[in-house]
Each structure stands twice: as C-alpha cells, then as structure tokens.
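Here is the structure we will look at, set down as structure tokens.
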Amino acid sequence: MTASNPTEPLPLGAPTPHRSVSVVIPVLNEADGIAPLLARLIPALDGLNLRWSIVFVDDGSTDATLLRLRQLNDKDPRITAIALSRNFGKEIAVAAGLRYAQGDAVVIMDSDLQHPPETITSFIAKWNEGHDVVFGMRVDRSADSAWRRQGARLFYSVFHALSGTELQQNSCDFRLLSRRAVDAINKIGERVRYNNGLFAWIGFPSIGVPFEMQPRATGEASRWLPLKLARLAFDGLASFSTVPLRISSVFGLVVSIVAFIYMIWVMTKTLMFGDPVRGYPTLLVAVLFFAGVQLIFLGLLGEYLGRVYEEVKARPLFLVREELGVPPPAHQTPARSETALK
Ligand code: UDP
Ligand code: MG
C-alpha cells in the first residue's frame, strides 16, 4: 500500500513512473557539502523515471547549512528540509526524516558523498523486483581505519550472538526502504535508537547492493569519535539484548561459588593449623576485586535502568524548529504513555 498515494495502491514490484522516491539526508554543518552532493544526486534522480523529492534533516547545524537549505527549497520545491531544534544525533535525524518522507520508497544516505548517488539506480531496480529493504554493502572498507574495520566485524558477531538479530555484514545506513518498511520503522517508538538493528529487526524481503565507499568529499574525516562509536555499539546491543544482564548474574554466581569454596578451605585450614595472622594481601585483593565486580554490574544494571527511564518518560523523539516544503507527518511518535496509563 502506498501512503502518499492512497487512491492508487500499486502491487509491489510494478515498475511505473507513478511511483515516487524520497531521499532522506541528515546534515550536520555541511554548508559546503550540499552543492557538490546535489550536483551528482539530482542527475541520478532525474534518470530514474520516478517522481522524487529530497528531505534534508538539519541536525542542529551551527553553520550556514539551514540558510542554504532555505535557498534551495525556494528554487526547487522538490528539495525539502526539516530543521531539528538542536543536535539530536544522526540516528534520530534519520528517524525524523523517515517520518516526513512521503515517497513510495525512501532512500537514506549521507551528505558527504561517501555514498555514491549513482548507486540509487541499482537500489530502485531491486525495489522494482519486489524487495522491501535494499541495503548498500561496502565492498571496500579501506576508507576506514584498521581499528574501525576490526571493531565493526567484532561488533556484528557479538550483536548476532547476543540478540539473535543478524545484521548484514558490511551493511551501512545507505539503503532503500519500501513504504511498508518505512511505516514499520515509523511505528517503532524507541528513543534510544540503533537504526541498523531496527532495519534488520523489521524483516521483509531484503537484498544487498555492493558499492564502493568513497572518501569524505568535504569537511572533517568522520565525526564518529571512537568513544561515540563505542557508545553507539553499546546502545545497539543494549536495546536488542538483555543477555549482558544475564551474564552479570551468571558471573556473580560463579564468583560467589568460588568464594564460598575458598571460605570453606580457609576455615578448615584455620581449624586444623591455627591462625598465623597472615593473608592480609589475599584479603585486600579479594575486597578490591569484589568491590570492582559489584560496581561493574551495578553500572550495567544502571545502563538498562537508564534506558527504561528514557522510554518511560515518553518524550518526543525529536523536536522540529522549521519545516521547509514538507507537510507534518500524518502519524507522530506512538504515545506510549496513553496506552500505558489506561
Ligand atoms: N550527521 C548528523 N548528525 C550528527 C552527526 C552526523 O546528521 O550528529 C550527518 C552528517 O552530516 C553526515 C552523516 O550524518 O551526512 C554521516 O556523518 P559522518 O560523515 O560524520 O559520519 P561517518 O561517515 O563516519 O559515518
Ligand atoms: Mg561520512
């Protein structure tokens, strides 16, 4: 079913110019990057034989990005934008763009030309074949540093092992979603968001299209500092798995059993051979070790509790400061509190 075109529901897989595609692009301080991006993106979209529109999501830029977007929208109404009230981070910016995008298919891409716009043609071809999710597969990660590549590989395997949701290896958030896939994503009201996980979680027929990741066209190399990436990885894991919580219980149990056996041994030894008042180092080490273990697992509990708190507050996922040429989305964040309080 097409949400933007309710009068003419099209069977999936029908290649027809009646269909439309929206491109969602999160931007943070990309004033200089937008023009070179459009210089390649617009010809690529014009070649598709589809109606198209672009939804930029200004994620609280502090440079001239919003100004540029206003000028562009004045000139070409197909170039639309929303400006978030502050920087919410890329994951949420993408979620916001998906709420506003009206196309029968929606492409998500970065603004820095690391995702070649020409690949969209192959995405659309796969969509016309009936696939709901077409994700870009990076054939070459040499643009990334070695630690980042290894880190990504490790993360994908740990994620699969713990959550049971399989992320596509080398997939990234350069992808196309069909209307029903977008609607599914829009129904997910989670505030701590890990898009890659959500895209895999919704299911639907999916297929990968290989593409070569380009070096960043303008601006600094990558704004994902190691710490921020680690944060994203943990958010992803924690929102898809409670296994880390269980690990802590199992680990605690094992440590307690070992400590109990040790206690029996110490008591027997003391009863049989007396107490020569030694063992101060052992005592200290044990106290420190267990204090550490307890703090780690308290912290782990806190992480999950913090997430529960975030969700229970039921704040809107994002706030919009300005809408440029896009009507507000039909459905807003599902208000958890309304159903929960009944
Ligand atoms: N971005 C954003 N909000 C942020 C960080 C980044 O909207 O808080 C946008 C940025 O403008 C770009 C895309 O997300 O279009 C990817 O960002 P970047 O190139 O810095 O990250 P990487 O390529 O390393 O994933
Ligand atoms: Mg980039």
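The values are calculated or read from the model by the stated rules, or taken from the named source; none is laboratory data. From a predicted model like this one, the values you see are computed outputs, not experimental measurements. For neighbour counting, all protein chains shown are included, and Cβ atoms are generated from backbone atoms with ideal geometry for every residue, glycine included.
Okay, here's what the table says:
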quantity: Qualifying residue in segment 241-251 (condition: part of a helix (DSSP H, G or I), at pLDDT 80 or above and away from ligand 2 (no atom under 16 Å from the Cβ)); calculated: no
quantity: Cβ pairs under 8 Å, 6+ apart, first in segment 105-119 and on the phi > 0 side of the Ramachandran plot and in a loop (DSSP other than H, G, I, E, B), second within 15 Å of ligand 2 (Cβ to nearest atom) and among the hydrophobic types (A, V, I, L, M, F, W, C); calculated: Leu113/Leu37; Leu113/Ala217
quantity: Matching residues, segment 160-202, being in a loop (DSSP other than H, G, I, E, B), over 12 Å from the mean Cα position of the chain (by Cα) and closer than 25 Å to Glu310 by Cβ; calculated: Gly164, Thr165, Ile188, Gly189, Ile202
quantity: Any hit, segment 41-53, residues being more than 15 Å from ligand 2 (Cβ to nearest atom), closer than 18 Å to Pro328 by Cβ and touching a Phe, Trp or Tyr at 6+ places or on another chain (Cβ under 8 Å); calculated: no
quantity: The one condition in (1) out of contact with any Phe, Trp or Tyr (no Cβ under 9 Å at 6 or more places or on another chain); (2) within 16 Å of ligand 1 (Cβ to nearest atom); (3) farther than 30 Å from Ala31 by Cβ that Trp127 fails to fulfil; calculated: (2)
quantity: Qualifying position, being in a strand (DSSP E or B), away from ligand 1 (no atom under 12 Å from the Cβ) and among the hydrophobic types (A, V, I, L, M, F, W, C), among Phe155, Phe135; calculated: Phe135
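Yes or no, residue by residue, for (1) of a type in the set (A, V, I, L, M, F, W, C); (2) free of Cβ contacts under 8 Å to residues at least 24 places away in the same chain; (3) buried (at least 21 other Cβ atoms within 10 Å of the Cβ); (4) not in a helix (DSSP H, G or I):
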site	(1), (2), (3), (4)
Ile25	yes, no, yes, yes
Arg40	no, no, no, no
Leu45	yes, no, yes, no
Asp63	no, no, no, yes
Arg70	no, no, no, no
Asn73	no, no, no, no
Ile82	yes, no, yes, yes
Arg86	no, no, no, yes
